[in-house]
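J.: One structure is given below, represented as structure tokens, and several questions about it will come after.
Here, each number is a calculation from the coordinates, and none is a lab measurement. If you're wondering where the values come from, they're calculated on a predicted model, not measured in any experiment. Counting neighbours? That spans all protein chains shown, and the Cβs are built from the backbone with ideal geometry, glycine included.
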Amino acid sequence: MRWIAIGMTLVAASVGVARASGDGDPMLAKVGSEKFQQYCTSCHGPTGVGDGPAASALRTQPADLTHIAARRGGTFPDAEIARFIDGRFDMPSHGSREMPIWGEKLGEPVVEGASHDEIVRGKLLALIEYLKTIQKP
């Protein structure tokens, strides 16, 4: 299981390279796609438009994740989205939170040699890289 910790370190390193060059990281986006399918599709749907099977049972309709950048003038706000997905930080401007606090869940299981926060950051980076690939104008 030690390879997971090394893999998350590589994920974090590769996202730094991807952002420095201005290009996305296809491998990181693939990992993010897998995490999206695992954690997000029940509410946000398989394409991220908010039409997952659990969406109708929620008080607040899940966001359409394909227009995050469009709603922000064409810029994808990495840190803002990471913080919102994580959910361990107070975001009063978003009102009450129906979405799970993924920062608690994404760190499980913590493997030898890796901290909870390292695992969470790696998975968040992968999810964000994937979300960038589904953005529509």
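J.: By average Cβ neighbour count within 10 Å, what is the ranking of 71-77, 124-130, 58-64 from highest down?
T.: 124-130, 58-64, 71-77
J.: Suppose the chain between residue 42 and residue 116 were pulled fully straight at 0.36 nm per residue; how much longer would it get relative to their current alpha carbon spacing?
T.: Working it through step by step, the gained length comes to 24.2 nm.
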